[in-house]
1. When the residues of the stretch 106-129 are narrowed to those that are among the aliphatic types (A, V, I, L, M) and either farther than 26 Å from ALA66 by Cα or touching a Phe, Trp or Tyr at 6+ places or on another chain (Cβ under 8 Å) (or both), which ends up surrounded by the fewest Cβ atoms within 10 Å (Cβ to Cβ)?
2. Does the stretch 11-22 hold any residues that are surrounded by 10 or more Cβ atoms within 10 Å (Cβ to Cβ) and in contact with a strand residue (DSSP E or B) (Cβ under 7 Å, 6 or more places away or on another chain), and which are they?
3. Of the residues ARG54, ARG109, ARG95, which single one is under 16 Å from the mean Cα position of the chain (by Cα), in contact (Cβ under 8 Å) with a residue 12 or more places away in the chain and outside any strand (DSSP E or B)?
4. Could you list, ordered by first residue, the pairs with Cβ atoms under 6 Å in which the first is in the stretch 74-89 and more than 12 Å from ARG109 (Cβ to Cβ) and the second is exposed (fewer than 14 other Cβ atoms within 10 Å of the Cβ) and among the small types (Gly, Ala, Ser), at least 6 apart or interchain?
5. Going by the conditions given, is LEU88 of a type outside the set (Lys, Arg), surrounded by 18 or more Cβ atoms within 10 Å (Cβ to Cβ) and outside any strand (DSSP E or B)?
6. On the given criteria, is GLN8 closer than 23 Å to GLY112 by Cβ and surrounded by 14 or more Cβ atoms within 10 Å (Cβ to Cβ)?
Amino acid sequence: MRFNLIDQVLEQSEDRIVAIKSVTSAEEYLGDHFPGFPVLPGVMMLETLVQAGRVLLQSHAEAAGAPLVLAESRNVRYGNMVRPGQSLEVEVTLRKASDDGFDLQGVGRVNGETAVQGRFRLVPLADDA
């Protein structure tokens, strides 16, 4: 299954991106998380940060010739919940680039309050063939 969680890019520079994920009640996974009290799952919040990081690093990934995948996440913390009708605004900053990957830091906010934050590492997908 392939899905895009980034609905809109608000700002982008060489080392920073700000993007929006709008949560709607039409999203299939909300029906089970949680019945009667739907919220955006934490893993989807983290994936939104990762996808924003991929957009930020798109030119690097094209140069590497391989898609970027999540290799590590550190110090991930969750705060406020994101409910249908709300938007998660994510800001991802490139901390360090090296030949073997990219260290990023991200924060996601809903109504100005932190919903998710953490550091993560994206690396080119290894060709094991």
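1. Going residue by residue through the stretch 106-129, those that are among the aliphatic types (A, V, I, L, M) are 107, 110, 115-116, 122-123, 125-126, 129.
In the following step, the residues that additionally are either farther than 26 Å from ALA66 by Cα or touching a Phe, Trp or Tyr at 6+ places or on another chain (Cβ under 8 Å) (or both) were identified as 110, 115-116, 122-123.
Values: VAL110: 21, ALA115: 24, VAL116: 25, LEU122: 23, VAL123: 16.
The qualifying residue surrounded by the fewest Cβ atoms within 10 Å (Cβ to Cβ) is VAL123.
2. At the first step, the residues of the stretch 11-22 found to be surrounded by 10 or more Cβ atoms within 10 Å (Cβ to Cβ) are 12-13, 15-22.
Hits for the stretch 11-22 are ASP15, ARG16, ILE17, VAL18, ALA19, ILE20, LYS21, SER22.
3. ARG54
4. PRO84/SER25
5. no
6. Working: closer than 23 Å to GLY112 by Cβ: yes; surrounded by 14 or more Cβ atoms within 10 Å (Cβ to Cβ): no.
Taking the combined requirement at face value, the residue does not satisfy it.
Bear in mind that the values in this text are calculations on the coordinates, not laboratory data. Quantities reported herein were computed from a predicted structural model and do not represent experimental measurements. Ideal geometry is used to build each Cβ from the backbone, glycine not excepted, and the neighbour counts take in all protein chains shown.
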